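Below is one structure, written out as structure tokens, with a few remarks after it.
The values are calculated or read from the model by the stated rules, or taken from the named source; none is laboratory data. Values in this document were obtained by computation on a predicted structure and should not be read as measured data. Using ideal geometry, Cβ is built from the backbone for each residue, glycine included, and neighbour counts are taken over all protein chains shown. Protein only, heavy atoms only, side chains kept; ligands, DNA and RNA dropped before computing areas. Shrake-Rupley method; radii C 1.70, N 1.55, O 1.52, S 1.80 Å.
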Amino acid sequence: MSEPLDIVILGGGTAGWMAATALASLIPPTRCRVRLVESEEIGIVGVGEATFPEIRNFNHAIGIDEAEMMRATKAAFKLGIQFVDWGFKGSNYIHPFGVHGPVGMDHIFHHRWLRARSLGLKSELQDYSFAAQAARDCRFELPETRSTALDCAYTYAYHFDAGLYAVYLRGLAEQRGVVRTEGKVQDVVHDPETGNIRSLLLESGETISGDLFIDCSGFRSLLLGKALGVGWEDWSKWLPCDRAFAVPSERDELSPYTRSTAMEAGWRWRIPLQHRTGNGYVFSTSFIDEDEAAASLMRSLETRALAEPRMLKFQAGRRLVNWEKNCVAVGLAGGFLEPLESTSIYLIQVAIMQLVPLLPGKIVDPRLRDEFNRLIDLQYERIRDFLILHYKLNTRQDAEIWRYAAAMDVPESLTRKIELFRHSAIIERYRDGLFPPTSWLSVFIGQGLIPESYSPLADTMPGESLISHLDAFHADLLDRVEEMRRHDRFIDLYCGAERATAPTATEMRL
Amino acid sequence: MQQVKDVVVVGGGTAGWMAAAALAKVLGTQAHTITLVESEEIGTVGVGEATIPPIMQYNKLLGIDEDEFVRETNATFKLGIEFIDWRKRGSTYFHPFGVFGANIKGGVGFMNYWLRWVQSGGDPDYTHFIAEGVAAGEGRFARVPPSSDGQLPRLNYAYQFDAATYAAYLRRYAERRGAVRHEGKVVDVEQNSETGYIEAIKLADGRRVSGDFFIDCSGFRGLLIEGVFKAGFDDWSHWLPNNRAVAVPCERIEDPTPFTRSTAREAGWQWRIPLQHRTGNGYVFCDSYLSEDEASRLLLERLDGKPLADPKILRFTAGKRRLGWVKNCLAVGLSSGFLEPLESTSIHLIQIAIMKLFEFFPQRDVNPVLIDLYNREMDVLYDHVRDFIIAHYKVTDRDDTPYWRYCRSMTVPDSLAAKLELFSDRGETRWMPSDLFGETSWFAVLYGQGLIPRSYHPVANALSEDELELAVAGIRTAIRRRVDALPSHADFIEGCCAARPAATAA
Amino acid sequence: MTRRIQQVVVVGADAPAWMAAAALLRSVSGAGIRVRVVELPTLLQPVDAHSALPELAGFHHRIGLDEDLLFSLCKAVPVAGRRFSNWSGAAPPFIHGYDRAPPPAAGLGFTQLWIKGRQNGLRTDFENFSLASVAAKAGRVPAAPKDAELHAAFGYNLDAAAYSALLRQGTIRGGVDSKVGTIADVEIEGDRIVSVILDDGERVEADLFVDASGPRAALIGRMPGADVESWREWLPCDRMLVASAKALKPLPAFSQISAFRHGWIGLFPLQDRTAVVAVYDGRETSDEALLEDLPALAKMPIGGDAIVSDLSQGVRRRAWVGNCVAIGESAFSLEPLDGAQLHIVHYCISQLMTLFPVGAGAFPEAPLYDRIIRRLAVNLRDFQLAHYKLNRRFDMPFWDGCRDAPVPETLQRKLDVFTARGRVPLNDDETFQEQDWESLFIGHGLMPQSYDPRVDAIPEQEHIAQVQARLNDIVGLVEAMPPVDAFIAGADDQRQTEMTALG
């Protein structure tokens, strides 16, 4: 390997700067040089403000100090997502970042709970999720990593200002050698023989050439979609939402979870940050018009709005492949799934962290490209199916969108999962991609799908013992939750904007 | 250019009659005269009783029927030589005729694969991989053509016979074809005053035998080659110290073994050559370490049957006439040199001299270029055989007597030293087409004497282990099957070439 | 709620039947479900041996089987891996060691560091960085005191009849009802087994039947839609010979698999003998010819008790039909090249427990079981097929054929990605993990053409230090491991001679 690979990232924002920072941090300059082209003119989407626990691995891999990052991005912690009115009006469940029941027993626990229910126990599945209970009680502590105690039965993610995250990363990236070029692309130059992208011609007249191009140009997908003509697979029949309004409001109670409330034509998000609350309405123009949706959002705000609502247009779906020739799409340029489960930044991260080990040389080895595409396919499909589940699994008659969703045909793989759970309370496990069984479980049960039966393996314990075990576990859990620090206090101590220095260990134990 | 018309062979015995019979066949007596002069008085040596396979070419040249020849000479068949106590007291190895193993695809000799196989745990007795060796060990023999699958060649063999009877047989052959025998002792030689060529020999009774070309088969004395032409003698006794042999025939007590046995002794070695009617024995030794009387006594003690005559002593010096051909005189047999019969080479050297004579057959005016070529080629042959014999002495673990201690530590010719070094490194001997003893022979003797190669030809490693095992097992099985199909040596002889009672007169 | 399962009947013999019965006993009998075994005639001969992967220890632990009994009663020999010879012609053999996931080096997979090292002149073979392979070569057993953590484990070779007897005894003691018999007929209605009629006339009924009858597939073979999809086009060997030779001294810490002209020969050390297995293409050589060549190929004399049988490799289209679940060889069958036979039984049983039907009326769990078992089968088939595909025995028709034939997409993908970048894409339900595939591929000479670029961020000094440290760690760990004979003797010391109840 003589000459380093020249990588050109088109587009900034979270996608572009995550890619830039990762490449510059993980791969030495002898192996690749990174250049990012962005235009201040082009707005950044910036609705991806809740994240998935995997983000911690990403930050760790590129050497980001958590507290520092949180301070810079006004971040708060996230233990899960609360779903309100999803499935049926009055539903209120948390999809936690943690298991239900004791660690190590998670494959059998819900069967035991179902049995206990059939014996008369009145409780919610949530009652046995440490993360869910802590979240509801607005508490937070960092989990232990090595033991089977309650304290490690969960993980966490962040709420943050994605714009500030991008800025934060930009600072790191430029420190680590990424060259930023301000400019808008006017034209894309191809190699006549191979069809590979050779260079970008900017409006300024500058030509930026490269070996590998990372398309972070957002929905427009200037390189992958436009220049290379990669087709689009539309998923809007399963995920009909095609707009979102976003509006910030004053800081509210700093709850350590995202709230998603099902609405008349979509759903509303609430994301609490240190300095403000992020709000939005994801909706489908098939079921509501834009003005009504904006009004609905503003009416529902719990604190005072800090700006006018901004609208974004999108379509659920993805590019047929995310890596074509010498161009890899990261972020919206590759596909879009609504942020119902905060997966946007996750998909960015996954693309980057699958690309890095498979980074090609100056000539793209199609075997590396095919493997990348296969892995990304899996990720998209699995998330898509999980999102569709939220829509499909509903008995609401009160709005057309819900009637539509309940009646729609869904992918065969999802139908099988729903039917199997309905019949036998079984959840399939798989290796790659999201979501773990505990997530599926929380949505199934939370949205009202109580299985008709449970595994006979749960019948081995006598009924009274079972119930008393569950009660004892629940009590222990509540006790432990009560010992936890309150989330807002934890934030203040750990990474509050006012803090000048990092907290000491003793402080953290208070 | 005048042709050679009259050829005179001076001396009988094996050398003389082999020469005369071959001349009678090849030149014929229509346009030539072939005269042999011998004296009954001068005894023939008669210890050269075992042979090596090339003798078949000689017999074939003469058109001799093998079965008839075997019957007439009380011969038995020989598959090789068994060497006992040569490496150390109690050791045995077999130097067989034939090839080692068979060709394994890959292009290097079988011994390399065998060495690799032994190094990975295989049986270190190579005899199992030479059909002649296996047959000899089990006392079996038959004439066997090459196997139909081409994997194994014909069974290679030679003969063990009574040399005096052989000489007599050849005399009958030669005389039937018009060779003339004169009884008499040579007392004088006439030379041309200008050229120095021998023109005639004079016998004791006054007869004069003239000729164009003279073959000196007069034995150690070299009446013509040395007596007249003073060719000179290269003495090799520092490498081959043995200078005596005591020989005695004994009763045959069991079926004849299809091989010669050579047993290393305290100051030399003892031969045992089984014939149809008796067994020939001898002790070749060096009188600096053992007296003639002691040697005779020891030999008689060690016979396995009753002696049939008194022991006869022969005295000799190992070495070679510096020039085997001078002017119009060619030395054949003992007159040209002597190497102890450890590897049964005496008759072969006679045969080669005769064959080369035909190759180089001169005009009356002998072209010196032919003489030069002949002498150089014979030198090479003699040196090669000499080296091979020396190797038996040099490569040994024996140090139990002063004789062996001498042999072990003596310096050897450079040519042999180089061969030993190469073999010691990778079991190879660089074979030249002029070499009498091929790879199999050198391997059998050097390995048998205890020189174990450190490695082998690297190409032998290119075969996968399982293919090696199968190839080795396959060859072993093929040889086993071949030998199983052979009758016993005695039965074979009985079946086709048992000597008639008349021929058994001693 | 539909009617619950009340009775499960296992139909079969030998290890699969008793493993299933023990697992059921442990997991469901406490729920009031009756477990019964219909014991068919054994398929085992005295020469038969099992070769088990380390994961079987987990099964033994769960059913309460003390592993010391394997050593005292089943002639077990612990093995740290398998050595493969002659698959690459005259190239040196390699060991597939039973490593668990090795620790990362400088935050990356060690293999990637090795690949770069190799490109820069590192001569040390990959095998020397495998804890299990080094242990195997040194004749040591990867066993550690309770508190220590070893990232290698040992499998074992077992006398098949003794193992079966051990499980049988323990399971019966544990309360499983069992009856010896043969099947006269199976009454089927649609996709349900109504009853299994035995030779003595008894009609055995159950809510769920487990077919543990091995290649006989006594039940599943009669079910609709469960016919076998043959893998003959990829796996040409169709004959198997099993024999014994005398025990090896000293006992090695690995089993030996040597390729030969028409297939392969396996030597599996046991305490009292060495089990010799030959798997070959019956179209290329006759049984007699093979038997004749066998002593040369095994490099040891073979006892006169050789048994030859047909080998058919393939997977059933459905492994669970209606109320009949097939486990082990009844579901799919592979030659014993990688020693996964007992693992397959174990995995099927585990999945059955996880997917244990909630009702006796319908079995929506079945299609998921089918998919899982098929994935398991395909992954194992691919691992085995890789040995053949990567062979370097040139100019031999059998082997040239194996090398030239295209392989299924699932394997081709693994080969492609590994060749390109030294990574192994894994699917769901893989028996063998990255380190196993790496050992297999690199052992057969497949060298990745490039490596993870993050390795370039490691400074040269640190790279060298990491490599050296890994070697040293392994040497140190192996030194502390017991030799095979000592390990067996130690197990004997603590032995129970009696099998207590299992389950």
Protection proxy ranking of C:375-384, B:303-312 - average other beta-carbon atoms within 10 Å, highest first: C:375-384, B:303-312
Under a Cβ-only charge scheme (Lys and Arg +1, Asp and Glu -1), can you give me the dipole magnitude of the protein assembly as shown about the Cα centre, in debye to the nearest 20? 1100 debye
Round to a whole angstrom and tell me the spacing of the C-alpha centers of segment B:12-33 and segment C:77-125. 76 Å
Placing +1 on the Cβ of each Lys and Arg and -1 on the Cβ of each Asp and Glu in the protein assembly as shown, which of C:64, B:243, C:237 has its Cα farthest towards the positive end of the resulting dipole? B:243
Considering only Cα-Cα distances, which of the following residue pairs are longer than 27 Å: A:417/C:179; B:356/B:394; B:327/B:356; B:105/C:389? A:417/C:179; B:356/B:394
Can you compute the charge dipole magnitude of chain C about its Cα centre, using +1 on each Lys and Arg Cβ and -1 on each Asp and Glu Cβ, nothing else charged? Give it in debye, rounded to the nearest 20. 600 debye
Per-residue average of Cβ from other chains inside 10 Å of C:355-362: 5
In Å² (nearest 100), what accessible area is buried between A and C, both sides summed, heavy protein atoms only, 1.4 Å probe? 3200 Å²
How many angstrom lie between the Cα centre of segment C:287-322 and the Cα centre of segment B:311-341? 68 Å
The answer for segment C:239-310, accessible area per residue at 1.4 Å probe in Å², is 39 Å²
Please compute, for peptide A:364-371, the average count of beta-carbon atoms on other protein chains lying within 10 Å of each residue's beta-carbon. 5
If one compares the long axis through the Cα atoms of helix A:344-355 with the longest principal axis of the Cα atoms of chain A, the angle in degrees, nearest 10, works out at 60 degrees
Return the calculated 222 nm mean residue ellipticity for chain B, to the nearest 500 deg cm²/dmol, obtained by summing -39500 (n - 2.57) across DSSP H runs with n ≥ 4 and dividing by the residue count. -10500 deg cm²/dmol
Hey, any idea what % of chain B's accessible area is carbon plus sulfur with a 1.4 Å probe? 49 percent
Which positions within segment A:387-425 get 10 Å² or more of their accessible surface covered by the other protein chains, compared to the chain by itself, with a 1.4 angstrom probe? A:416, A:420, A:423, A:424
Starting from the Cα-Cα distance between residue B:315 and residue B:363, subtract it from 0.36 nm times their residue separation and give me the gain in nm to one decimal. 13.6 nm
Peptides A:340-350, B:26-36 ordered by average Cβ neighbours within 10 Å, highest first: A:340-350, B:26-36
Given contacts defined as C-alpha pairs under 8 Å and at least six residues apart, what's the relative contact order of segment A:218-311, whole-number percent? 32 percent
Roughly how far apart, in whole Å, are the Cα centres of segment C:200-256 and segment B:91-123? 44 Å
Are there any helices in chain B, counted as whole DSSP H runs, that stretch 24 Å or more along their axis by Cα and score at least -0.5 on average by Kyte-Doolittle, and if so which? B:368-394, B:465-484
Report the Stokes-Einstein translational diffusion coefficient (µm² s⁻¹, integer) for segment C:239-310, Rh taken as the Kirkwood radius over Cα pairs, at 10 °C with viscosity 1.306 mPa s. 130 µm²/s
Using a 10 Å cut-off around each Cβ of peptide C:289-298, what is the average number of partner chain Cβ atoms that fall inside? 3
So what is the accessible area of chain A per residue, in Å², with the probe set to 1.4 Å? 38 Å²
Cβ neighbours within 10 Å, averaged per peptide: list A:355-362, C:297-304 in order, most packed at the top. A:355-362, C:297-304
Please state the charge dipole magnitude for chain A, taken about the Cα centre, from unit charges on C-beta atoms (+1 on K and R, -1 on D and E), reported in debye and rounded to the nearest 20. 320 debye
Per residue, accessible area of segment C:48-146 with a 1.4 Å probe, heavy atoms of protein chains only, in Å², comes to 36 Å²
Can you give the accessible area buried between chains B and C, summed over both chains, with a 1.4 Å probe, in Å² to the nearest 100? 1000 Å²
